[in-house]
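Structure first, commentary second.
The values are calculated or read from the model by the stated rules, or taken from the named source; none is laboratory data. Because the structure is predicted, anything quoted here is derived from the model rather than measured. Counting neighbours? That spans all protein chains shown, and the Cβs are built from the backbone with ideal geometry, glycine included. Remember, those area values only see protein heavy atoms, side chains included, never the ligands or the DNA or RNA. Shrake-Rupley method; radii C 1.70, N 1.55, O 1.52, S 1.80 Å.
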Amino acid sequence: MDRPKPRIRIRSERVVLTRTRSRQDRAADAITSFAGSLRFVYLHAVWFAGWILVNEGALGHAAVFDAYPFGLLTMIVSLEAIFLSTFVMVSQNREAARQEVRAELDFETNIRSEVWSAHIGRALGLDPEEIEREVAHAVAHAQAEIAFGRAATSQAAQPKPPEPRH
């Protein structure tokens, strides 16, 4: 008799995040993305240069609407900075939420892998305590290497495969 195929449930980070993303979130992400681009910088450079040229009389004194020290420009730029900083904070909060989803999915994957590994090890007749000792040794060695700023490259960091029990 054929065994039924196991149903493997894989949750995608993108799918989870897309389902929780509102219209406001998409707008905040789009604004933050644009504000962090070189197009934004170029647009502002042209805007500021044009504003200053017009208000310094390059098109004639009749065209001047915000004479030096450019109080209107200062107010507009200040308001823009307030809103942009708010959008950046919203995007940072969303990024923190993304990191939480990633951590949750990683945890789920790690647990799933550990359970499968235990079942496979049991089926192969491996000694789980011996494997755990090897894992603890490898982790301790890797942590020591990281603490001293070196990559774990020695043989001690490479656990030898356990022999199957018969």
Angle between the Cα long axis of helix 128-147 and the longest principal axis of the chain, 0 to 90 degrees, nearest 10? 40 degrees
Say each of Leu53 and Glu134 gets a label point 7 Å from the Cα, pointing the same way as Cα to Cβ; how far apart are those two points in nm? 7.2 nm
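Quick check for me: using +1 on Lys/Arg Cβ and -1 on Asp/Glu Cβ, what's the dipole size of the chain about its Cα centre, in debye to the nearest 20?
Numbers: 20 positive and 20 negative charges, 152 e Å.
It works out to roughly 720 debye.
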Cα long-axis angle, helix 38-55 against the chain (0 to 90 degrees, to the nearest 10): 10 degrees
Ratio of Rg to Rh over the chain (Cα coordinates, Kirkwood Rh, two decimals): 1.30
Can you find, among Leu73, Ile52, His119, the residue farthest towards the positive end of the dipole of the chain? Put +1 on the C-beta of Lys and Arg, -1 on that of Asp and Glu. His119
Please build a GNM for the chain, connecting alpha carbons under 10 Å apart, and tell me which residue among Asp29, Asp106, Asp127 fluctuates the most. Asp127
If I model region 17-101 as equal point scatterers sitting on the Cα atoms and use the Debye formula, what is log10 I(q)/I(0) at q = 0.11, 0.25 Å⁻¹? -0.45, -1.18
State in Å² the accessible area per residue of the chain; use a 1.4 Å probe, count heavy atoms of protein chains only, and round to the nearest integer. 81 Å²
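Would you mind telling me the share, in percent, of accessible area of the chain contributed by carbon and sulfur at probe 1.4 angstrom?
Working: 8420 of 13420 Å².
Accessible surface attributable to carbon and sulfur in the chain totals 63 percent.
For region 1-145, what is the relative contact order in percent, using Cα pairs closer than 8 Å and at least 6 residues apart in sequence?
On the way: 47 pairs, mean separation 34.7, N = 145.
RCO, region 1-145: 24 percent.
Expected output is a single nm value to one decimal: the length gained when fully extending between Arg23 and Leu38, i.e. 0.36 nm times separation in residues minus the C-alpha distance. What is it?
Numbers: separation 15, 0.36 × 15 = 5.40 nm, distance 2.49 nm.
Contour length minus Cα-Cα distance gives 2.9 nm.
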